[in-house]
Amino acid sequence: MQLRERGEFTAAADLLAQAMELAPHWPEGRFALAESLMLAGEHDQAAVEFKSYLALDPADSMGASAKLVILGANPATAELPRAYVERLFDQYAARFDTALIEDLKYTGPQRIREAITARFPQRRFDHCLDLGCGTGLMGVAIRDLVDRLEGVDLSAKMLAEAHKKRIYDAVTQDDILGALRQKPSTYDLILAADVLVYVGDLAPIFTLVSSALKKSGVFVFTLQVLAVAGFRLGTDQRFSHNPTYVASLLEKPFAAHTITPGSFRREREVDVPGFLVIAETAA
Ligand SMILES: C[S@@+](CC[C@H](N)C(=O)[O-])C[C@H]1O[C@@H](n2cnc3c(N)ncnc32)[C@H](O)[C@@H]1O
């Protein structure tokens, strides 16, 4: 790994290839070899190794299928493997708050709160669901505006950090779709701060959110901007979405929506272009 940190990707790949001769069924080693080849610009060979990794770990907890899409070796995808998202955030959980707030200058939760108070001054909410609540940064920002606050997330370690903050009335380890399916006409506020960037096709989520909301319910979320039509998985292994495309998906399940451009985090000292959406169910 020191070779990779020094940018010596071909040397790292050579070393890992030797290691794989001794331990051919070691998934992490196979993935590291594939990634080193990708970084060295050996894209065809990297794709072969990512496919070999997938044979060793069909659940794809390291995200090889996303790398294959980025390499152009697999067709575009509408979702990331659940095992990958779970592992990514389990590994990230302990340093998440510091990394997001200090390094990435993450402001999503505050911007969502400001958007809600500007659109609905004086309104309090009875029952809020925080989708992909992670370590609870969104919960902290919204707690005083809601009576009951629930969170759902795939990552047990992110949820353990949220639990330590003692701001949620309940947290559940589940996929967004699974959590929404169980709760028709339950909430008056549903939030998704920097979460739907891990989902390509948003149509099923929009339908289920609208069913999980009561009348005059509010759904607020952030996304990253894609300048061309539709949605796309980027090299950062997050999806970006075209705002006009997102607006077209919101039309049927929601009575009204507003889309506001903004940036909620920085990557390598550059603002990531995004947008914030408020969608409302009929009164
Ligand atoms: C970048 S973090 C944002 C966390 C929090 N919303 C915040 O603003 O700090 C994304 C979170 O979404 C969760 N997540 C991603 N896809 C998910 C899915 N399909 N179902 C449930 N949680 C998901 C991840 O586990 C992670 O904790």
Candidates S61, S65, S52 - the one that is more than 30 Å from L189 (Cα to Cα), over 18 Å from the mean Cα position of the chain (by Cα) and either in a helix (DSSP H, G or I) or not assigned by TED's automatic domain parsing to the domain that holds D201 (or both):
S52
What number goes with the only condition from (1) within 16 Å of the ligand (Cβ to nearest atom); (2) assigned to a helix (DSSP H, G or I) that T77 does not pass?
(2)
Would you point out which residue out of R123, R148 is in the same structural domain as V218 (by TED's automatic domain parsing), part of a strand (DSSP E or B) and of a type in the set (K, R)?
R148
What's the total number of residues in region 142-160 that are under 29 Å from A118 (Cβ atoms) and either among the aliphatic types (A, V, I, L, M) or open to solvent by 50 Å² or more (accessible area, probe 1.4 Å) (or both)?
10
Of the conditions (1) open to solvent by less than 40 Å² (accessible area, probe 1.4 Å); (2) more than 20 Å from the chain's Cα centre (by Cα); (3) at positive phi, D194 satisfies every one except a single condition; which number is it?
(2)
Say whether the condition of being at pLDDT 95 or above, surrounded by fewer than 20 Cβ atoms within 10 Å (Cβ to Cβ) and within 14 Å of the ligand (Cβ to nearest atom) is met by at least one residue in region 118-134.
no
Which ones in region 172-183 are in contact (Cβ under 8 Å) with a residue 12 or more places away in the chain and either open to solvent by 70 Å² or more (accessible area, probe 1.4 Å) or within 11 Å of the ligand (Cβ to nearest atom) (or both)?
T172, Q173, D174, D175, I176, L177, A179, L180, R181
Return a yes/no flag: does region 196-213 have any residue that is more than 24 Å from Y106 (Cβ to Cβ), within 14 Å of the ligand (Cβ to nearest atom) and of a type in the set (D, E).
yes
Which one of these does V85 not meet: (1) at pLDDT 95 or above; (2) farther than 20 Å from L223 by Cα?
(2)
Name the residues in region 90-116 that are within 17 Å of T222 (Cβ to Cβ) and in contact (Cβ under 8 Å) with a residue 40 or more places away in the chain, would you?
F96, L100, L104, K105, Y106, T107, G108, P109, R111, I112, A115, I116
Since D103 meets every condition but one in (1) surrounded by 15 or more Cβ atoms within 10 Å (Cβ to Cβ); (2) within 16 Å of the ligand (Cβ to nearest atom); (3) modelled with pLDDT under 95; (4) more than 17 Å from the chain's Cα centre (by Cα), which condition does it not meet?
(1)
Matching entry among Y187, Y168 (being aromatic (F, W, Y), open to solvent by 20 Å² or more (accessible area, probe 1.4 Å) and more than 21 Å from A78 (Cβ to Cβ))
Y168
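Of all residues in region 226-247, count the ones that are in a strand (DSSP E or B) and among the small types (G, A, S).
Number of matching residues: 1.
Could you please let me know if T235 is under 17 Å from L154 (Cβ atoms), open to solvent by 70 Å² or more (accessible area, probe 1.4 Å) and hydroxyl-bearing (S, T, Y)?
no
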What's the number of the condition D57 fails, among (1) open to solvent by 70 Å² or more (accessible area, probe 1.4 Å); (2) touching a Pro at 6+ places or on another chain (Cβ under 6 Å)?
(1)
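The values are calculated or read from the model by the stated rules, or taken from the named source; none is laboratory data. The structure presented is a predicted model; accordingly, all values stated were derived computationally and were not measured. Positions of Cβ are generated from backbone atoms using ideal geometry, with glycine treated the same way; all protein chains shown enter the neighbour counts. Calculation scope for accessible area: heavy atoms of the full protein, side chains included, ligands and nucleic acids excluded. Shrake-Rupley method; radii C 1.70, N 1.55, O 1.52, S 1.80 Å.
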